[in-house]
Amino acid sequence: MTTLATSPSKPSPMTAPAATGKKFWTRVLWLLWAACLGLGAIGIYQRIAYGHMPAGYGSYVPWGLWIAIYFHGVGIAGGAFAVASLGYILNLQGFRHPAALRAAIVLAFASMIPALIAVWLDLGHMARATNILTSPSFTSMMAFNAWMYNAFMLIAAVCWLISYRRRSSGWLRPLLCLGVLIAVVFPSQSGAFFGVVDAKPYWHSALMPIMFLASAITAGAAMLLLIRGIIGIDSPAGLGDSDPSVFTVALSRLRKVVLAGLVVYFLLEFAEFSIVMWNTQTHAPALDLILLGPYWWVFWIVHLCIGGVLPLALLLTQRPRLWIVAGLLVAVTFISTRLNVLVPGQAVGEIKGLQEAFSHPRLSYTYHATTMEYLVGLFLVGVGMTIYFVGRRISKLVAARAA
Amino acid sequence: MTTTAQSEAPDSECMTRREMVKAGILVGAGVAAAGGAAVVARRAGAAADPTGAGTVRHLTVLNNVKPKHDEDVLLRMQRDLVKAMAKPVEQRRWIMVIDTRKCVGCHACTIACIAENHLPPGVVYRPVVTEEFGEFPNVQLRFTPRPCMQCDSPPCVPVCPVHATWKRPDGIVAIDYDKCIGCRYCIAACPYGARTSDFGEQYTDDVAKGCPEGRDAAMVGPKAPWMDQPSHEYGKAWIRKDHQSPMGNARKCHFCLHRLEVGQLPQCSTTCIGRANYFGDANDPDSLVTELITKNNVQTLLPHKGTKPRVFYIV
């Protein structure tokens, strides 16, 4: 990518991503896609052939890596949709073109569907997954979430369709308002999903829904920044990301959202941790695991350094290319926020000595993701990339036909 | 706004009043629908279990054995059980009382439960927690058997997304294995760790590995028909094969509901070598369990969780 101007005080406008460096990024993405699906296929085979046997979770830590991927995926979907839709509704430069909205909708689907596949693979009875829609119990946050995801995908699909109309019927923005509401609600519900569980003191906090919402908005905006920075949006010449100044404004706005999101998330995290640090009787064992346990590096290195300090530093520069790198770092490493809620929360039992009362690897408070779980995780990334590229191609074709 | 910005915006006006009204209606309807669903779900009654005269059981157990003043507590509990089963299900209130002063930590109840319910590896309904206090030579051991607490306010029930677990009229928290999707939310929600997931393991999974061929080969598959013997939880026959339920389900102690229906005490009570495990109907003022919880200092596990357990410990 070429920098067109180098003003120290203002962000330097960038050329459209499609214009330069396209071949390089295309090759990288194809390679990544093939590796994810190829290796992931091994994991999927193991899951189908051997069921849950090769997985590392058990009865005392019943949820593992896939559930973290699930919550991260739905968070990105909600966050990306909410940010892009608000930009469209508020008629902000860089977001007001329907192509920008469609890119976010395709991204939302590309995050949401692999996330739902992740939780589907985690079920003990995958064939009964539809029971959650046909006979839901809305006293459960899980049933509520399932319905919200479906409502969200329906609304997003309708918005995508009617965004092609030259003069929209007047329903696009109202529908987007409803979509934004749902996109904000279901990441919050993800936090409530844990918050309502009184059995796990670390989860049982009113801050959980707000933290999940903050991380969803942050990761969603970061993924949007990454996608628009590398791939851009497909729009006719002279519009959208093919205009350098519009493109830079779009990235600049996303950068501000990610920056604000990072600050808010770390503030909330500090608030949560500070209660524990100065009141060690509550859920200190879980915090000890996060900060000093065998996976201390997930918090200190992955989350705090690579997912927090480094992106903050990159986003504070005036170089859009570095913002894109920051977007990548935040979008990927924010899965650690899910893991750090999920695993330590489960890894502390309420009844002392229960683990020793009956010995079995699945009756243990320690959890290590297995190779099969990681491989399936790669497969889900590959599926997400496939959905994005296919969705983008369809968007392009429909746009050409509509024109 | 620059020319570029204008050209970027084919539909550049902000929301019109008409659009705002539509948005308000849509958002309002969405909030109302979600709120309504939550309120209706909270107010909905218990699962439609059969109640009334149809649930009365006139059992003939111990009809020919005359009561004695100093008879074994097992016989007394058996009589209490027969008496309770002669009432409609909603008038029974099953509880378990465990005398920790008598428990010697033999784990016979754990093993008996596994045998009764055909539990696979990694699934346990009733482990016995051992705690050690003090320093040598002043050491004390405490054994705490931990069945499902059959809470009156069970945290596992509302989190189930598909109505697969519920509180029965007699107080037992039941699971419908045919409905359970295996999401394990109930497992996470139980503070007692009383639910375990059946991941489909078999005791014979690795049994043939390294075994000699021929006459001494390990007997698995069709050669081992005992593996297909069903368990009878909740009064149905469950065979663990081909990933059929209860494989893939959450599982837990159910006070041996299938045994109660035919006049048998829970297997753990029957097996307890120290007569430390009592079971009966707390709605019967003359039952042994009522006598035990009113005359002794009893505690429940994790009372601060507000789950109102039905398992009482004499300490």
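In this structure, does A:V263 turn out to be touching a Phe, Trp or Tyr at 6+ places or on another chain (Cβ under 9 Å) and among the β-branched types (V, I, T)?
No; evaluated as a whole, the condition is false for this residue.
Pull out all pairs, ordered by first then second residue, where Cβ-Cβ is under 9 Å, the residues are six or more apart or on different chains, the first lies in segment A:109-122 and is in contact (Cβ under 8 Å) with a residue 12 or more places away in the chain and among the β-branched types (V, I, T), and the second is buried (at least 24 other Cβ atoms within 10 Å of the Cβ) and outside any helix (DSSP H, G or I).
Between residues of segment A:109-122 that are in contact (Cβ under 8 Å) with a residue 12 or more places away in the chain and among the β-branched types (V, I, T) and residues that are buried (at least 24 other Cβ atoms within 10 Å of the Cβ) and outside any helix (DSSP H, G or I), the close pairs are A:V119/B:C183.
As an exercise: evaluate A:L207 against (1) in contact with a Gly (Cβ under 9 Å, 6 or more places away or on another chain); (2) at pLDDT 90 or above; (3) within 12 Å of chain B (Cβ to nearest Cβ); (4) surrounded by fewer than 24 Cβ atoms within 10 Å (Cβ to Cβ) and give the number of the one condition it does not meet.
Tallying (1) in contact with a Gly (Cβ under 9 Å, 6 or more places away or on another chain); (2) at pLDDT 90 or above; (3) within 12 Å of chain B (Cβ to nearest Cβ); (4) surrounded by fewer than 24 Cβ atoms within 10 Å (Cβ to Cβ), A:L207 fails exactly one: (3).
Being touching a helix residue (DSSP H, G or I) at 6+ places or on another chain (Cβ under 9 Å), in a helix (DSSP H, G or I) and hydrophobic (A, V, I, L, M, F, W, C) is the filter here; which residues of segment A:306-324 pass it?
A:I306, A:L310, A:L312, A:A313, A:L314, A:L315, A:L322, A:W323, A:I324
So that you can scan it fast, the table gives a plain yes or no per residue for (1) among the charged types (D, E, K, R); (2) within 14 Å of another protein chain (Cβ to nearest Cβ); (3) touching a Ser or Thr at 6+ places or on another chain (Cβ under 9 Å):
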residue: A:L312; (1), (2), (3): no, no, no
residue: A:R321; (1), (2), (3): yes, no, yes
residue: A:L339; (1), (2), (3): no, no, no
residue: A:Q346; (1), (2), (3): no, yes, no
residue: A:L354; (1), (2), (3): no, yes, no
residue: A:R362; (1), (2), (3): yes, yes, yes
residue: A:A369; (1), (2), (3): no, no, no
residue: A:M372; (1), (2), (3): no, yes, no
residue: A:L378; (1), (2), (3): no, no, no
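Within segment B:284-315, track down each residue that is in a loop (DSSP other than H, G, I, E, B), within 14 Å of chain A (Cβ to nearest Cβ) and of a type in the set (S, T, N, Q).
Selection gives B:T300, B:T307.
Among the numbered criteria (1) away from chain A (no Cβ under 11 Å); (2) exposed (fewer than 12 other Cβ atoms within 10 Å of the Cβ); (3) at pLDDT 90 or above, which one does B:V65 miss?
Only one criterion is unmet by B:V65, namely (3).
In segment A:262-304, which residue that is among the hydroxyl-bearing types (S, T, Y) and touching a residue at least 24 places away in the same chain (Cβ under 8 Å) is surrounded by the most Cβ atoms within 10 Å (Cβ to Cβ)?
Top of the filtered list is A:Y265.
Identify, from the list A:A214, A:A199, A:A146, A:A219, the residue that is within 14 Å of chain B (Cβ to nearest Cβ), of a type in the set (A, V, I, L, M) and either assigned to a loop (DSSP other than H, G, I, E, B) or touching a residue at least 40 places away in the same chain (Cβ under 8 Å) (or both).
A:A199
Would a scan of segment B:194-206 turn up a residue that is touching a strand residue (DSSP E or B) at 6+ places or on another chain (Cβ under 8 Å), outside any strand (DSSP E or B) and more than 8 Å from chain A (Cβ to nearest Cβ)?
no
Given the conditions (1) farther than 30 Å from B:K241 by Cβ; (2) in contact with a Pro (Cβ under 8 Å, 6 or more places away or on another chain), report the number of the one that A:M142 does not fulfil.
Evaluating A:M142 over (1) farther than 30 Å from B:K241 by Cβ; (2) in contact with a Pro (Cβ under 8 Å, 6 or more places away or on another chain) leaves (1) as the failure.
Please work out which residue is nearest to the chain's Cα centre (by Cα), limiting yourself to segment A:46-63 and to residues that are among the hydrophobic types (A, V, I, L, M, F, W, C) and in a loop (DSSP other than H, G, I, E, B).
Here the answer is A:W63.
Among the listed residues B:G105, B:G122, B:G134, identify the single one that is in a strand (DSSP E or B) and at positive phi.
Unique residue meeting the criteria: B:G134.
If B:R275 passes every condition in (1) closer than 21 Å to B:R168 by Cα; (2) not in a strand (DSSP E or B) but one, which one does it miss?
Condition not satisfied by B:R275: (1).
So which helices (runs of 4 or more DSSP H) are wholly in segment A:325-403 and hold at least 2 residues that are touching a residue at least 12 places away in the same chain (Cβ under 8 Å) and small (G, A, S)?
Here the list reads A:335-346, A:371-402.
If you go through segment B:156-165 one residue at a time, how many are in contact (Cβ under 8 Å) with a residue 40 or more places away in the chain and under 11 Å from A:T139 (Cβ atoms)?
Selection size over segment B:156-165: 1.
Please specify each residue of segment B:69-102 satisfying the condition of being part of a loop (DSSP other than H, G, I, E, B) and either basic (K, R) or under 18 Å from B:C272 (Cα atoms) (or both).
B:E71, B:D72, B:K87, B:R92, B:R93, B:T100, B:R101, B:K102 - these are the residues of segment B:69-102 that are part of a loop (DSSP other than H, G, I, E, B) and either basic (K, R) or under 18 Å from B:C272 (Cα atoms) (or both).
Being within 11 Å of another protein chain (Cβ to nearest Cβ) and in contact with a strand residue (DSSP E or B) (Cβ under 7 Å, 6 or more places away or on another chain) is true for just one of B:V139, B:V128. Which residue is that?
B:V128
Any idea which residue in segment A:88-114 is farthest from A:A77 (Cα to Cα), counting only those that are in contact with a Leu (Cβ under 6 Å, 6 or more places away or on another chain) and within 13 Å of chain B (Cβ to nearest Cβ)?
Only one residue tops the list, namely A:H97.
Failed condition for B:V89, given (1) of a type in the set (V, I, T); (2) loosely packed, with under 15 Cβ neighbours inside 10 Å; (3) within 28 Å of the chain's Cα centre (by Cα), with all others met?
(2)
The values are calculated or read from the model by the stated rules, or taken from the named source; none is laboratory data. This is a predicted model, so every value here is computed, not measured. When we count neighbours, we look across all protein chains shown, and the Cβ atoms used for this are built from the backbone with ideal geometry, even at glycine.
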